[in-house]
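Everything on this sheet refers to the single structure shown next.
A short reminder: the numbers here are calculations on the coordinates, not readings from a lab. What you see is a predicted model, and the numbers here were worked out from it, not measured in a lab. Cβ atoms come from the backbone with ideal geometry, glycine included; neighbour counts cover every protein chain shown.
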Amino acid sequence: MVSPVTVDGWKRFFDVASVALVLATFVAGAGVLWTGNIINKRQETQLREFDIRLTESKTELGKQQERAAKAEKELKETSNVAGSAILTAGEANEHAAKLESANLSLRGQIATLERDAAEQRERAAIAERELLALRQAASPRSFTDAQLKAFTSILAAGPKGSMELMFQAGDLEAAQFASQIYNALTSAGWTPNRLQPVMESVIVRGINVWVRDTNRAPVRAKTLVDAFLAADVDVTVRSNAELPENHVALMVAPKWTPPQPPK
């Protein structure tokens, strides 16, 4: 028989432990919000820097094009002077040689300016692509109407079944996207479990489909992957030998972090 004193001691221990767990959950949530605010501020700074770089590249491109046009005009004027000049044979030959030399020099300058302009256009295009990638990374994930239609049509047409649906705990953006995916799955006839937050021990990003063995994955796992690809959403298939044989799990992890520009 257990002593009443021992039972009371254990009860006090479990009371203290539960309070400690609640406090730890609160501290973890606060930490997620704090670090999220820092990341958002960094992304806003990067957006401003990309805008500045893009504007400078376009300005320099305009200058290069203006210099090329001026050089072409000078070449045309020089050619007109050569055509209208009335000189003696000796003077004409000497003048023609000078004009030819000047024309070659101008053509070389024009070629150089055209190469510079091409490089400026390439740098401007790279800056625009980087800026677009950063803006997409800063915006929350969500299906457009067209994406949702493509996603649900593949899900409804292929093999269906039960699956586990999770999202990164403390990540509001991941939770909202997981909720949209959950609604799409149920509307297509799938039976996902109730949405559940998890603290992923492995650092992953984006949409992840987990199976026991990628070489022998359930057919409905392939249907799920095909649906994401049809909706133009990147998805990664991962294996975990501890999962049951026919188990399919979907993890909505935080967004992919865009590559940082060189300093």
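Observations, loosely collected:
- Rounded FRET efficiency, nearest 0.05, which uses the C-beta distance separating S18 from S162 and R0 of 30 Å: 0.40
- Legend: calculated FRET efficiency, V198 to A125, from the Cβ-Cβ distance at R0 = 35 Å, rounded to 0.05, equals 0.30.
- Once the Cα-Cα distance is subtracted from the 0.36 nm per residue extended length, the K76 to T55 segment shows a gain of 4.4 nm.
- Model label sites at D226 and H95, defined 7 Å from Cα along the beta-carbon direction, differ in position by 7.9 nm.
- Taking 0.36 nm per residue of sequence separation and removing the Cα-Cα distance, the S153/Q65 pair yields an extension gain of 26.7 nm.
- Of K11/K255; K222/K255; K58/K149; K58/K98; K41/K160, those spanning more than 32 Å from alpha-carbon to alpha-carbon: K11/K255; K58/K149; K58/K98; K41/K160
- Cα-based Rg of the stretch 145-252 normalised by 2.2 N^0.38 Å, two decimals: 0.98
- Karplus-derived HN-Hα couplings along the stretch 153-163 (A = 6.51, B = -1.76, C = 1.60, θ = phi - 60°), whole Hz, x at Gly and Pro: 5, 5, 4, 6, 7, x, x, 10, x, 7, 6
- R0 of 51 Å, Cβ-Cβ distance A175-D8: FRET efficiency to nearest 0.05: 0.80
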